[in-house]
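Worksheet for the structure shown next.
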Amino acid sequence: MTSKILIVGAGIAGLSLARRLKHFDLDFDIIDEKPSEYKSGAGIALPFNAVRELKDLKVFDSLAGRYHQVKEINYTTTSGKTLGKANLTDPPFDQEMFIAMKRQDLHAALSVGLEHKIRHNTKLLSVVHADDQVDVSCSYELLDGKYDLVVAADGIHSTVRSQNFEGQETIRDHQMRCWRFIVTLPEHGLEPIYMMGKTDLFMAYPISANAVYCYGHIHEHSPSADLTDNAADNLRKIFSGYGGPVPEILSKLDEVKIVTGRLLSVTEPRFYDRRIVFVGDAANGCSPLIQQGAAAALEDTNILADALAMQNIDQALESYQARREARIRWVVQYSDGPLPHLLKMESWIGRAMRYLMIKSRGPLNVYGWKKLATDRLLSNS
Ligand SMILES: Cc1cc2nc3c(=O)[nH]c(=O)nc-3n(C[C@H](O)[C@H](O)[C@H](O)COP(=O)(O)OP(=O)(O)OC[C@H]3O[C@@H](n4cnc5c(N)ncnc54)[C@H](O)[C@@H]3O)c2cc1C
């Protein structure tokens, strides 16, 4: 008998799982509350392990011409003075690629072939465990009923997770306001640069020869975070003293669409509970320090689909957790590690300690990526 599987969410996690299940001829339904025309804003940086997964998924080639390969990471002061630099073409990354692109282009590529399968404008309303199944209700009644497996791929604000762990705190708010946008900068010649102030940081990450994905953040309790509802005004106020490419970028803010957000994480990674399994941000959403969001979603779904193709559901869920747990716990811990200490950067001692750490280890994201690439204990064994 074939199992009835429902994937809730058609973001990176839901789409990549759908592609994998289709490959294994496993049937499923997939729903998303957003309309099909929705385009996710801003850019996305994809480190080596996300690129590996996209290649394995046979999606990478279709991205040709829509991504930009980055080769170096530079951490600097607000004036642009280098604190730590790393080359992304040296071992262990000499056979790997780091890229960045528009988010909407990645979504479009992952959606190819699934257009008729995804039920858009369909919101999951409730999930209730029922013996070896899950009783589901959603805004499209024909999909209501019992499923053998529900996959929560519904992002950091996961309804499935909050209902399954009702009464428990499942999201951590880091009190950080962040902004993302893409700006046109003809022939910028930039490599990714992370400019660090106190609790404020500005990142410029090229996504093509003429466009740069920008990200800025600040701790809401920082004395210099006198924030309003106007994203462009906030960015101008916080980053006006910065050097490097920032003044030119800020001069273009009226031309760009800014996505405002907060940094949120799961309080702890979730893997599965009875016949509900968690993937992507619903399982392990965390800060973007080492840009593991897409990579984790792609790795989660690769391993889950493999397990479902070879084992019965209960065994598959067990092996999914067993193979992912060490790596995911490390990713969440490393990504969120600096955030509770960020307010200490208001003092020069805090900043001196941070500079020393960057001087000794190099850029913290590259240090994290090296660990993921080389530490056997963190492999998806
Ligand atoms: C500021 C910031 C910068 C980031 N930068 C990067 C980066 O550079 N690189 C990187 O890899 N990651 C980055 N991330 C993380 C990355 O965006 C996420 O990890 C990734 O989008 C997770 O994909 P997902 O499919 O799990 O969730 P989502 O992309 O959130 O998709 C969830 C889907 O579920 C749908 N949904 C939600 N609730 C329901 C419901 N009740 N019923 C039906 N559908 C529902 C939503 O409409 C959505 O389409 C960043 C995150 C932030 C906050």
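The values are calculated or read from the model by the stated rules, or taken from the named source; none is laboratory data. Since this is a predicted model, take the numbers as computed values, not measurements. Positions of Cβ are backbone-derived with ideal geometry, glycine not excepted, and every protein chain shown enters the neighbour counts.
What to note about this one:
- Where helices (runs of 4 or more DSSP H) sit wholly within region 236-355, those with at least 1 residues that are more than 12 Å from the ligand (Cβ to nearest atom) and over 24 Å from the mean Cα position of the chain (by Cα) occupy 246-250, 293-310, 313-336.
- Residue within region 97-119 that is of a type in the set (K, R) and assigned to a strand (DSSP E or B) present: yes
- Cross-chain or 6+ apart pairs with Cβ under 9 Å, region 115-144 first and within 23 Å of S16 (Cα to Cα), then small (G, A, S) and at pLDDT below 95: E115/S36; I118/S36; H120/S36; N121/S36
- Comparison of V279, V332 shows that the only residue that is crowded, with 17+ Cβ neighbours inside 10 Å and in contact with a Cys (Cβ under 7 Å, 6 or more places away or on another chain) is V332.
- Here is the figure for region 19-50: residues that are within 11 Å of the ligand (Cβ to nearest atom), more than 16 Å from the chain's Cα centre (by Cα) and not in a loop (DSSP other than H, G, I, E, B) total 2.
- Tally, over region 1-18, of residues that are in a loop (DSSP other than H, G, I, E, B) and among the aliphatic types (A, V, I, L, M): 2
One line per residue, one yes/no per condition, for (1) touching a His at 6+ places or on another chain (Cβ under 7 Å); (2) in contact (Cβ under 8 Å) with a residue 60 or more places away in the chain; (3) not polar (S, T, N, Q):
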residue	(1), (2), (3)
G41	no, yes, yes
F48	no, yes, yes
D56	no, yes, yes
L63	no, no, yes
P92	no, yes, yes
M97	no, no, yes
Q104	no, yes, no
H107	no, yes, yes
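- Options S162, S240: the member that is free of Cβ contacts under 8 Å to residues at least 24 places away in the same chain and closer than 25 Å to I12 by Cα: S162
- If only residues of region 141-179 that are within 10 Å of the ligand (Cβ to nearest atom) and in a loop (DSSP other than H, G, I, E, B) are counted, the one that is surrounded by the most Cβ atoms within 10 Å (Cβ to Cβ) is A153.
- Residues (crowded, with 17+ Cβ neighbours inside 10 Å, within 27 Å of H68 (Cβ to Cβ) and either free of Cβ contacts under 8 Å to residues at least 12 places away in the same chain or hydroxyl-bearing (S, T, Y) (or both)) located in region 180-233: Y194, Y205, S208, Y213, Y215
- Selection of first residues in region 332-361 that are closer than 24 Å to Q292 by Cα and of second residues that are part of a helix (DSSP H, G or I), restricted to Cβ pairs under 6 Å at least 6 apart or on distinct chains, gives the following pairs, ordered by first then second residue: V332/N284; Y334/G368; R361/Y367.
- Of note, E53 satisfies the criterion of being within 11 Å of the ligand (Cβ to nearest atom), at pLDDT 95 or above and not polar (S, T, N, Q).
- Of everything listed in (1) surrounded by fewer than 19 Cβ atoms within 10 Å (Cβ to Cβ); (2) in contact with a Pro (Cβ under 7 Å, 6 or more places away or on another chain), the single unmet condition for R274 is (2).
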